[in-house]
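Asks: Can you keep this structure in mind? I'll have questions shortly.
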Amino acid sequence: MDRETDPLDDTGYEADELVVTRRQAEVLALREQGLTQADIADRFGTSRANVANIEASARENAEKARNTVDFLERLRPLVELEIDAHTSLFDVPPMVYSACDEADIKVSSSAVDLVQTVRSEAGEAISGNVVTEPVRVLVTESGDVRVVRD
């Protein structure tokens with residue numbers, strides 16, 4: 001890089017620890033700092049179109065990484081709880097908290113957030129404030145909650 005500071009210096013990550021290439025990480029870091037694609041192209045001595053392609057690939061790689069983590073967490077959640085049809089959404093948080101207490105896991109969501117997560121991730125399995133089809137609530141070691149329709 002031309003006499004500029006390394007955009008990864010302040011992130012706490014080395015490029016080889018990421019699922020994006022060094023150049024992709026640099027572009028993402030510079031975009032977060034407010035630089036335009038044209039600014040970055042000038043800095044790297046390339047075209048804006050090339051920077052746009054690098055950024056798009058980086059964001060695609062990041063989404064795949066998120067999906068992979070989600071996939072792995074669903075393979076082996078520490079808590080898995082079946083929520084039966086006809087269950088009130090407002091009964092779900094105490095059920096989840098109780099199961100997590102038994103597994104010694106701290107849920108990272110408030111009761112309100114937990115209801116919202118179930119409502120949004122269960123989709124058509126929710127009608128009003130009632131679960132209409134069974135869903136599974138999965139809680140990871142870090143306390144993150146996922147909802148899967150059966």
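Asks: At 1.4 Å probe radius, can you tell me the per residue accessible area of the chain in Å²?
Replies: 61 Å²
Asks: Still on this structure, I have one more. Just order 137-144, 116-123, 69-76 by mean Cβ neighbour count inside 10 Å, highest at the front, would you?
Replies: Highest-to-lowest ranking by the protection proxy: 137-144, 116-123, 69-76.
Asks: Moving on. For region 5-19, just list the computed ³J(HN,Hα) in residue order, Karplus coefficients 6.51, -1.76 and 1.60, θ = phi - 60°, integers in Hz, with x standing in for Gly and Pro.
Replies: Karplus values, whole Hz, x for Gly and Pro: 6, 5, x, 8, 3, 8, 8, x, 10, 8, 4, 6, 8, 10, 8.
Asks: How high is the FRET efficiency from Glu141 to Asp113, r the C-beta distance, R0 30 Å, rounded to 0.05?
Replies: Computed FRET efficiency for Glu141 and Asp113: 0.95.
Asks: Could you check the spin-label model distance between His86 and Asp9? Points 7 Å from the Cα along Cα→Cβ, value in nm.
Replies: 6.5 nm
Asks: Further, regarding this structure: Run a plain Debye calculation on region 15-73 (Cα atoms as equal point scatterers, no solvent) and give log10 I(q)/I(0) at q = 0.16 Å⁻¹, rounded to two decimals, same order as the q list.
Replies: -0.50
Asks: Express the carbon and sulfur contribution to the solvent-accessible surface of the chain as a percent, rounded to the nearest whole number, probe 1.4 angstrom.
Replies: So the carbon and sulfur contribution to the accessible surface is 47 percent.
Asks: Would you work out the relative contact order for the chain, in percent, from Cα pairs under 8 angstrom that are 6 or more residues apart?
Replies: Relative CO of the chain lands at 20 percent.
Asks: Let's test the formula: R0 of 22 Å, r as the Cβ-Cβ distance of Arg23 and Leu75. What FRET efficiency results, to the nearest 0.05?
Replies: 0.10
Asks: Could you work out [θ]222 nm for the chain from helices alone, using -39500 (n - 2.57) per DSSP H run of at least four and dividing by all its residues? Round to the nearest 500 deg cm²/dmol.
Replies: Numbers: 5 runs with 70 residues, N = 150.
Result for the chain: -15000 deg cm²/dmol, rounded to the nearest 500.
Asks: Still on this model: If you consider only alpha-carbon coordinates, what radius of gyration and Dmax does region 94-150 have, in Å?
Replies: 11.1, 32
Asks: Separate question: So if we plug the beta-carbon distance of Asn129 and Glu60 into 1/(1 + (r/R0)^6) with R0 = 35 Å, what FRET efficiency do we get, rounded to 0.05?
Replies: 0.40
Asks: So what are the three principal axis dimensions of the chain from its Cα atoms, in whole Å, longest to shortest?
Replies: That gives 62, 31, 25 Å along the principal axes, largest extent first.
Asks: Okay, next question. Enumerate the amide H contacts of Val79 below 5 Å, restricted to partners 5 or more residues apart or on another chain; note that Pro and chain-start residues carry no placed amide H.
Replies: Close amide H contacts, sequence-distant or interchain: Val139.
The values are calculated or read from the model by the stated rules, or taken from the named source; none is laboratory data. Note that this is a predicted model, so its numbers are computed, not measured. Using ideal geometry, Cβ is built from the backbone for each residue, glycine included, and neighbour counts are taken over all protein chains shown. Ligands, DNA and RNA are stripped out before the accessible areas are found, and what is left, the full protein with its side chains, is counted by its heavy atoms. Shrake-Rupley method; radii C 1.70, N 1.55, O 1.52, S 1.80 Å.
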